[in-house]
Each structure stands twice: as C-alpha cells, then as structure tokens.
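The values are calculated or read from the model by the stated rules, or taken from the named source; none is laboratory data. No experiment lies behind these values; they were computed from the predicted model shown. All Cβ positions, glycine included, derive from the backbone under ideal geometry; neighbour counts span all protein chains shown. Keep in mind that these areas ignore ligands, DNA and RNA; they rest on the heavy atoms of the full protein, side chains included. Shrake-Rupley method; radii C 1.70, N 1.55, O 1.52, S 1.80 Å.
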Amino acid sequence: MIRKNKGKLILTSIIILIPIVIGLILWNKLPDKLPTHWNAEGVVDGWSSKGFTVFGLPAILFGFHWLCLLGSNADPKNKNYSEKLLQLVFWICPIISVLFGVISYGTALGMEFQVDKITLILAGVVFIVVGNYMPKCKQNYTMGIKLPWTLNDEENWNRTHRLGGKLWVACGVVVILSMFLPNKFMVAIFLSVVAVAVFVPSVYSYLLFREKEKRGE
C-alpha cells in the first residue's frame, strides 16, 4: 500500500510539517507562550511554549501519521480497504496540522476564531465522510467496526457496516447542526452522538451474531 502511494505519503508528510516553516517565519512575532487548548466554549485554557508548539506538535502529528499508515500497511487484508477511507487516513493528520497551526498562530497574533464551531464542523464532516464509505469497506483488521463477530462473519460485517454508514452520516449532520445551539448543549450532543455511533452498531452486530448462533449457523 505504501509503495503504491509513495508520492502521496511524501506530500502529506511535507504538509504536516508546514506549520514548522510558518512558525519559523513568524518566530519573532510570536509570544513565548502559544494557545494549544480551548475549552468547550472556544476559550483558550491551555498554553504551551513556542518551541513545543512550533516544532513538537507537528512532529507528534508526523509520527502519528506514519504510525497509522504503517499499521494499515501491515494489515494482511489491506487490499480490502475502501479507497476513499484510505484517503481519509492519508489526509486527516495534514489537515489537522495545518488547521491547528493557523488557529494557534492566528490567536497568538490577535485573530479571533470560533474554535468550538470549527471543531464541530470538522468532526461532523469526518462522520459524514466515513459513514458514506463505510458500507463499501470490506473486511480488514484496521478500518471499520472491528468486532469478533464482524471479523469472523462477512455477512455480519456487511450488514453492520451498512447500518453504521447510515448512522454515522446522520450523526455527522446532527453534530454540524448542533453548532447553532448554545455551547452547553453542543458538548452534550457531541458526546451523545459519539456514544450512539459506537454503541448502536456494536449491539446490532452482536444481535446478528446471536441470531445466527441460535439458528446453528
């Protein structure tokens, strides 16, 4: 998989490190402490040193990016990956790195961002994208709803992912629409959506397994 996407791997790795270049260009303008964490209301409540923010955070994302791709490449069933979901694996860390860099540097220089709403939009889009392609994802050990029952039964895998796909798209829409509500509701809705997105397909998969077991199949 990596050999086939070597050019994309190099490109995405470079993009992840772009905030380092931007940070060096802005180095003398940036304060010694930069915002690196925001609370549920989008207010900065955590700061890190300039060196860690400029160099450390992109480096951590760079390492995580490679870890995810190497793990995917080691999957003996990686030929079953949905091409679209694979694109998400390639691009999620570069997008987060650049977006976080812009928000952190911009906030430090006096710009204002609605971080809470930006986070919800990004999370909602990920839910929708993953949900849209989840039904097309064949059995593998890295992507998808990996449970003993789905991994051991192709029919269970397919039915669980069809339900999960519809549910995740709906959850993504709910997450994005929640940005129009007061902050205290946004957090509760997001946590509830995550719980539903994980819990419902898992229970459904188990019920399919039990039903098949009762039939002696």
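Just checking: which of the helices (runs of 4 or more DSSP H) contained wholly in segment 74-175 hold 1 or more residues that are more than 24 Å from Glu211 (Cα to Cα) and polar (S, T, N, Q)? If you could, list the steps in order and put the result at the bottom.
Numbers: elements: 83-108, 115-133, 148-152.
Helices (runs of 4 or more DSSP H) meeting the threshold: 83-108, 115-133.
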In segment 1-12, what residues are crowded, with 16+ Cβ neighbours inside 10 Å and in a helix (DSSP H, G or I)? Leu9, Thr12
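Within segment 89-103, does at least one residue satisfy the condition of being farther than 30 Å from Leu191 by Cβ, without any contact (Cβ under 8 Å) to a residue 24 or more places away in the chain and either out of contact with any Leu (no Cβ under 6 Å at 6 or more places or on another chain) or not β-branched (Val, Ile, Thr) (or both)? Talk me through it step by step, then tell me what you get.
We begin by selecting, within segment 89-103, every residue farther than 30 Å from Leu191 by Cβ; these are none.
No, segment 89-103 contains no residue that is farther than 30 Å from Leu191 by Cβ, without any contact (Cβ under 8 Å) to a residue 24 or more places away in the chain and either out of contact with any Leu (no Cβ under 6 Å at 6 or more places or on another chain) or not β-branched (Val, Ile, Thr) (or both).
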Test Glu41 against the criterion of being under 30 Å from Met186 (Cβ atoms), at pLDDT 90 or above and either surrounded by fewer than 15 Cβ atoms within 10 Å (Cβ to Cβ) or of a type in the set (Gly, Ala, Ser) (or both), and give yes or no. no
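Please find, among Ile25, Ile103, Ile92, the residue that is over 30 Å from Arg162 (Cβ atoms), of a type in the set (A, V, I, L, M, F, W, C) and crowded, with 17+ Cβ neighbours inside 10 Å.
Values: Ile25 fails: crowded, with 17+ Cβ neighbours inside 10 Å; Ile92 fails: over 30 Å from Arg162 (Cβ atoms).
So the residue among Ile25, Ile103, Ile92 that is over 30 Å from Arg162 (Cβ atoms), of a type in the set (A, V, I, L, M, F, W, C) and crowded, with 17+ Cβ neighbours inside 10 Å is Ile103.
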Complete set of residues in segment 168-184 that are out of contact with any Asp or Glu (no Cβ under 7 Å at 6 or more places or on another chain), open to solvent by less than 60 Å² (accessible area, probe 1.4 Å) and within 24 Å of Val43 (Cα to Cα): Gly172, Val175, Ile176, Ser178, Met179
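So, Gly165, is that one open to solvent by less than 50 Å² (accessible area, probe 1.4 Å), under 28 Å from Leu86 (Cβ atoms) and either touching a Leu at 6+ places or on another chain (Cβ under 8 Å) or charged (D, E, K, R) (or both) or not? Walk me through it before giving the result.
Details: open to solvent by less than 50 Å² (accessible area, probe 1.4 Å): yes; under 28 Å from Leu86 (Cβ atoms): yes; either touching a Leu at 6+ places or on another chain (Cβ under 8 Å) or charged (D, E, K, R) (or both): no.
No.
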On the basis of being in contact with a strand residue (DSSP E or B) (Cβ under 6 Å, 6 or more places away or on another chain) and either open to solvent by less than 50 Å² (accessible area, probe 1.4 Å) or of a type in the set (A, V, I, L, M, F, W, C) (or both), does Ser48 make the cut? yes
Hey, does segment 60-67 have a residue that's open to solvent by 20 Å² or more (accessible area, probe 1.4 Å), touching a Leu at 6+ places or on another chain (Cβ under 8 Å) and over 30 Å from Phe180 (Cα atoms)? yes
When the residues of segment 14-38 are filtered to those that are part of a loop (DSSP other than H, G, I, E, B) and without any contact (Cβ under 8 Å) to a residue 40 or more places away in the chain, which remaining residue is farthest from the chain's Cα centre (by Cα)? Asn28
Could you please find all residues in segment 185-216 being in contact (Cβ under 8 Å) with a residue 12 or more places away in the chain, open to solvent by 70 Å² or more (accessible area, probe 1.4 Å) and of a type in the set (D, E, K, R)? none
Test Thr36 against the stated conditions and say whether it is hydroxyl-bearing (Ser, Thr, Tyr), under 16 Å from Met111 (Cα atoms) and surrounded by 13 or more Cβ atoms within 10 Å (Cβ to Cβ). yes
